[in-house]
1. Looking at residue 81 and the list (1) at pLDDT below 85; (2) over 18 Å from residue 103 (Cα atoms); (3) not in a strand (DSSP E or B), which single condition is not satisfied?
2. How many residues does the stretch 48-78 contain that are touching a residue at least 40 places away in the same chain (Cβ under 8 Å), within 22 Å of residue 102 (Cβ to Cβ) and part of a loop (DSSP other than H, G, I, E, B)?
3. Residues of the stretch 34-66 being more than 20 Å from residue 6 (Cα to Cα), modelled with pLDDT of 90 or more and either surrounded by 13 or more Cβ atoms within 10 Å (Cβ to Cβ) or in contact with a strand residue (DSSP E or B) (Cβ under 8 Å, 6 or more places away or on another chain) (or both), which ones?
4. Are any residues in the stretch 93-111 surrounded by 11 or more Cβ atoms within 10 Å (Cβ to Cβ), assigned to a loop (DSSP other than H, G, I, E, B) and at pLDDT 90 or above, and if so, which ones?
5. Within the stretch 5-31, restricting attention to residues that are within 27 Å of residue 61 (Cβ to Cβ) and loosely packed, with under 14 Cβ neighbours inside 10 Å, which residue is farthest from the chain's Cα centre (by Cα)?
6. Name the one entry in 88, 84 that is free of Cβ contacts under 8 Å to residues at least 40 places away in the same chain and surrounded by 13 or more Cβ atoms within 10 Å (Cβ to Cβ).
7. Specify the residue that is farthest from the chain's Cα centre (by Cα); the eligible residues are those in the stretch 32-43 that are over 11 Å from residue 63 (Cβ atoms) and part of a loop (DSSP other than H, G, I, E, B).
8. I'm told residue 2 meets every condition in (1) surrounded by 11 or more Cβ atoms within 10 Å (Cβ to Cβ); (2) at pLDDT 85 or above; (3) over 23 Å from residue 85 (Cβ atoms) except one. Can you identify the failing condition by its number?
């Protein structure tokens, strides 16, 4: 399970003007064993966040106990124009929990 936050939080008027799925980013999961993870992108988030809106997202299945590296890939919501850097990938060493982040910049996204 991945826990995340929208900062600033999502507001009801945004959903009313931009549609119910304007926030819908995609999560895909991989590991060093080439395990199959589904891509249902199931999860939930709290409504009417102010400073932040907390959410959860399922990884797509259990991580095998013999996996040593987990990779989480993030694809932004369609039509989103980033105004600053954002994290596009996390590499997580299992079971140590060491995390390496891969960031992008708005200029890279436009290319």
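The values are calculated or read from the model by the stated rules, or taken from the named source; none is laboratory data. Everything numeric here is computed off the predicted structure, so don't read it as measured data. Cβ coordinates were reconstructed from backbone atoms using ideal geometry, including for glycine residues, and neighbour counts include every protein chain displayed.
1. With (1) at pLDDT below 85; (2) over 18 Å from residue 103 (Cα atoms); (3) not in a strand (DSSP E or B) applied to residue 81, the lone miss is (2).
2. 5
3. Once the filter is applied, which keeps residues that are more than 20 Å from residue 6 (Cα to Cα), modelled with pLDDT of 90 or more and either surrounded by 13 or more Cβ atoms within 10 Å (Cβ to Cβ) or in contact with a strand residue (DSSP E or B) (Cβ under 8 Å, 6 or more places away or on another chain) (or both), the stretch 34-66 yields 35, 37, 60, 61, 63, 64.
4. 94
5. Once the filter is applied, the top-ranked residue is 20.
6. 88
7. Among those that are over 11 Å from residue 63 (Cβ atoms) and part of a loop (DSSP other than H, G, I, E, B), it is 34.
8. (3)
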